[in-house]
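Undergrad: One structure is given below, represented as structure tokens, and several questions about it will come after.
The values are calculated or read from the model by the stated rules, or taken from the named source; none is laboratory data. Since the model is a prediction, treat every value here as computed from it, not as a measurement. Every residue, glycine as well, gets a Cβ built from its backbone with ideal geometry; the counts of neighbours run over all protein chains shown. Areas reflect the complete protein model, heavy atoms only, side chains present, ligands, DNA and RNA absent. Shrake-Rupley method; radii C 1.70, N 1.55, O 1.52, S 1.80 Å.
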Amino acid sequence: MVDTFTRRTFLGCTAGAIGALAAAPAEELVKNRPPLAASAFYRLPLTSVRPGGWLKDQLRNQADGITGHLDEFWPDVGPNSAWLGGAGEGWERGPYYLDGLLPLAYLLDDPKLIAKVKPWVDWTLDRQRPDGSIGPEKNKDWWPIMIMLKVLTQYQEATGDPRVVPVMEKYFACQSRMLAAEPLQSWAIYRWQDELASLLWLYNRTGGPQLLGLAQQLRAQGFDWRKFYENFPYSGRIARGQSGHESHGVNNAMGLKTPALSYLISHDPADRAATGLMLGALDKFEGLPNGMFSADEHFAGRNPSQGIELCAVVEMMFSLELGLAVLGDARLADRLEKIAFNALPGAQTADQWSHQYDQQPNQAMVSLGRRDWTTNGPESNLFGLAPNFGCCTANLHQGWPKFAASLWMASPDDGLAVAAYAPSEVHTKIRGVDVVMAENTEYPFRNQISLSVSPASPVSFPLYLRIPEWTSDPVVVAGGQRVEGLRPGSYHRIEREWRRGQRVEITLPMPVRAVPGFNGSVSVERGPLVYSLRIGEAWSKLKQTGPVTDWEVYPTSPWNYGLRVDLNHPAASFEVHEDPVARQPFNRSSPPVMLEAKGRRLPEWVIVDDSAAPPPQSPVTSKLEDETVTLIPYGAARLRITSFPVLGPDQRPNQAEQQESVDVCKPE
Ligand SMILES: [Zn+2]
């Protein structure tokens with residue numbers, strides 16, 4: 001076994017035109033150690049993947065926005081945090097912030113952000129108490145430490161800091177001794193699987209058998225997510241008074257990683273199958289058209305005017321990233337992209353300064369108002385600093401950086417997998433050869449992806465390309481040769497000798513799809529992007545906290561349209577328009593891609609309690625005239641209709657009816 005803790009020595013400039021390798025990851029690839037089951041893929045050490053193109057812009061926007069500055073004006077993660085030795089907040093907010101700030105800092109290789117990260121990590125590593133416990137003395141909850149462990153694993157991968165592994169070993173030994181007397185409580189019971197991820201990370205590096213013992217202790221005390229979903233007790237919105245940890249959105253988003261991680265220990269096929277079981281139940285009973293499920297703050301059914309919390313969005317992404325690595329199921333990557341490219345940007349302003357606690361797929365108005373949430377308060381759908389509650393303010397930061405770090409993975413047969421697609425570059429070593437792969441693309445706004453391979457010397461290895469389930473007639477040309485046998489919904493393996501300068505050209509056609517939803521409505525998807533009605537937005541400032549504004553947003557154009565769509569041939573109902581990708585790609589005024597279609601206003605579909613009423617049962621009828629409506633990416637629309645009622649086929653007016661409707665409607 002190689003010593004995986006020493007800083008990796010990287011030789012020379014082998015990347016040619018792509019760039020120097022100075023920022024290569026500090027750690028070698030680490031695979032699962034017996035008796036753990038093998039994973040389909042292995043996550044590469046943080047900083048193996050370098051974001052490029054629009055994704056780099058997006059991370060840069062984040063660094064220039066709230067993530068790079070939150071500590072300067074929000075006391076909960078400021079210099080008085082108890083996680084820095086101060087008297088302030090000492091629970092989850094400091095670790096949450098670091099769990100996103102740290103990967104952002106190292107992925108951008110940004111000295112200013114790295115300098116912000118270091119004091120937090122140093123304080124935790126250097127202030128471990130003699131009994132092995134870590135974190136603020138006043139914290140008596142296992143949960144926030146579970147987050148800090150995730151931070152430490154990423155820090156180790158990025159820096160190779162030799163302090164991390166011994167601190168984690170000593171901490172886990174401490175916890176193992178204490179768990180009988182101080183068992184998991186409250187949140188920690190439902191979030192133990194997040195510690196399991198860090199625990200298995202350490203086991204793969206040290207092989208300490210006591211770590212697997214601690215995994216069993218945690219599993220015995222923690223919530224059994226698989227059993228819960230095998231008899232899922234909810235069939236939509238929870239009843240009043242029924243809310244508890246089990247129906248809590250963020251808990252469920254975190255819980256989604258449990259069966260895949262458990263499978264590594266149990267080798268039980270039922271654990272392997274349970275990720276699909278969980279997603280199936282969530283989609284069936286609570287599914288929303290943005291790839292998420294409703295929980296505002298608890299399960300709320302499929303009405304697209306219910307909300308989902310931003311913490312649940314970023315946590316579900318992280319669960320999918322871990323689950324994808326274990327299972328290698330391309331559909332998990334499809335889902336990951338759907339959330340990353342839609343629900344994640346849709347809950348933030350394009351400049352990434354203000355965010356929502358709860359976003360709604362049908363969001364006709366953003367206002368301080370009493371909505372029909374299961375639990376949350378009147379601020380919940382404002383764009384602001386900490387609407388409703390500050391957990392998302394602390395936790396939103398992990399979304400983009402962890403997605404970027406998960407784009408590429410290693411395969412057990414010494415290969416590379418393009419797990420998800422976005423502009424990036426990966427630096428790794430394969431069969432002893434330094435390899436750089438550059439991914440040039442404007443995906444998901446375009447359907448072309450170009451990979452260029454730069455091994456230091458010719459080397460054979462397998463490359464796994466994801467063929468998304470939604471594509472049809474994909475084309476892959478590798479080294480000038482057309483690749484046969486591509487199957488949507490799977491990873492396609494290409495094994496060959498790779499030489500410097502070779503390319504892999506991928507075309508993933510994106511036919512427009514009409515996806516059935518609540519009350520017979522449809523949502524419109526093209527590739528991984530969900531499309532929403534572009535509504536005129538009037539932004540009204542509520543308050544200012546440091547650099548962050550809290551906003552209401554009111555519609556300045558109609559929103560209550562039914563869509564004219566041929567459900568048998570939906571692509572024929574839409575015209576696609578492409579424009580350049582802007583520095584802030586998820587912006588309403590110049591989105592990179594738009595769809596045009598025909599729709600008709602539905603006067604009976606109105607606002608109730610500041611939200612669009614549920615879409616009326618489709619098919620719908622309207623006596624008004626057809627209009628051209630513009631749909632833009634969900635993530636670019638802060639006001640939006642995403643679930644559209646479908647106009648009935650009998651409503652295409654013939655000449656006589658048209659005459660009648662004109663007569664009726666003319667205000668003469
Ligand atoms: Zn939250």
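Undergrad: Which helices pass in the chain if a helix is a full DSSP H run, must span at least 18 angstrom along its long axis by Cα, and must have mean Kyte-Doolittle hydropathy not below -0.5? Provide the component values of the computation, followed by the final result.
TA: Values: long enough: 93-108 (23 Å, 0.54); 111-126 (22 Å, -0.13); 142-159 (26 Å, 0.33); 164-178 (21 Å, 0.29); 186-206 (30 Å, -0.35); 209-221 (19 Å, -0.13); 269-286 (25 Å, 0.07); 310-327 (25 Å, 2.01).
Flagged H segments are 93-108, 111-126, 142-159, 164-178, 186-206, 209-221, 269-286, 310-327.
Undergrad: If the only charges are +1 at each Lys and Arg Cβ and -1 at each Asp and Glu Cβ, what is the size of the charge dipole of the chain around the Cα centre, to the nearest 20 debye?
TA: Values: 64 positive and 75 negative charges, 248 e Å.
It comes to approximately 1200 debye.
Undergrad: Only sites in a loop by DSSP and with at most 14 other Cβ atoms within 10 Å count here; which trypsin sites (Lys or Arg not before Pro) in segment 375-453 make the cut?
TA: Details: sites: Lys402, Lys429, Arg431, Arg446; in loops: Arg431, Arg446.
Here the sparse-neighbourhood loop sites are Arg431.
Undergrad: Suppose we look only past 20 Å in the calculated P(r) of segment 351-445. What percent of the Cα-Cα pairs does that tail hold?
TA: That fraction is 57 percent.
Undergrad: Something else: Whole angstrom only: what separates the Cα centroid of segment 243-306 from the Cα centroid of segment 44-109?
TA: 27 Å
Undergrad: Can you show me the helix-derived [θ] at 222 nm for the chain, built from DSSP H runs with n ≥ 4 at -39,500 (n - 2.57) apiece and divided by the number of residues, rounded to the nearest 500. Display every interim value, and only then the final one.
TA: Details: 17 runs with 205 residues, N = 668.
That calculation yields -9500 deg cm²/dmol at 222 nm.
Undergrad: Under the rule of at least 5 residues apart or a separate chain, name every residue whose amide H is placed under 5 Å from the amide H of Glu442.
TA: Gln448
Undergrad: What does the convex hull of the Cα atoms come to per residue for segment 512-658, in Å³? Don't jump to the answer; show the numbers that get you there.
TA: Values: hull volume 18.5 nm³, N = 147.
Dividing the Cα hull volume of segment 512-658 by its residue count gives 126 Å³.
Undergrad: State the percentage of accessible surface on the chain attributable to carbon and sulfur atoms; use a 1.4 Å probe and exclude ligands, DNA and RNA. All intermediate terms of the calculation are to be shown ahead of the outcome.
TA: Details: 12010 of 23380 Å².
Roughly 51 percent of what the probe reaches on the chain is carbon or sulfur.
Undergrad: Provide the descending list of Cα extents for the chain along its principal axes, expressed in whole angstroms.
TA: Principal-axis extents of the chain (Cα, largest first): 85, 60, 47 Å.
Undergrad: Now a separate question. Order the following by accessible area, largest value first: His298, His245. Probe radius 1.4 Å; ligands, DNA and RNA are ignored.
TA: So, going from the largest accessible area down, we get His245, His298.
Undergrad: Quick one: net charge of Pro511's neighbours, Cβ under 12 Å, K/R +1, D/E -1? Don't skip to the answer; put the middle values down first.
TA: Values: positive: Arg513, Arg526; negative: Asp473, Glu525.
Charge balance near Pro511 sits at 0.
Undergrad: Here's a follow-up. Cα gyration tensor of segment 141-293, axes a ≥ b ≥ c as square roots of the eigenvalues: rounded (a/c below 1.5), prolate (a/b > b/c) or oblate?
TA: Values: a/c = 1.94, a/b = 1.79, b/c = 1.09.
It comes out prolate by the Cα gyration axes.
Undergrad: Any of Lys338/Lys543; Lys112/Lys138; Lys118/Lys170; Lys257/Lys338; Lys56/Lys116 with alpha carbons more than 23 Å apart? Name them for me.
TA: Values: Lys338/Lys543 32 Å; Lys112/Lys138 30 Å; Lys118/Lys170 21 Å; Lys257/Lys338 17 Å; Lys56/Lys116 20 Å.
The pairs that break the limit, which is 23 Å between Cα atoms, are Lys338/Lys543; Lys112/Lys138.
Undergrad: Which net charge results for the neighbourhood of Ser81, defined as the other residues with beta-carbon distances under 9 angstrom from its beta-carbon, given Lys and Arg at +1 and Asp and Glu at -1?
TA: On the way: positive: Arg93; negative: Asp71, Asp76, Glu89.
Residues close to Ser81 contribute a combined charge of -2.
Undergrad: Kindly report the accessible area of the chain per residue (heavy atoms of protein chains, probe 1.4 Å, no ligands, DNA or RNA), in Å². Before the final figure, lay out each step's value.
TA: Numbers: 23380 Å² over 668 residues.
Computed with neighbouring chains in place, this is 35 Å² per residue.
Undergrad: What FRET efficiency, computed as 1/(1 + (r/R0)^6) with R0 = 22 Å and r the Cβ-Cβ distance, is obtained for Ala180 and Ser266, rounded to the nearest 0.05? Kindly include the intermediate steps, with their values, before the conclusion.
TA: Details: r = 23 Å, r/R0 = 1.03.
Efficiency at R0 = 22 Å is approximately 0.45.
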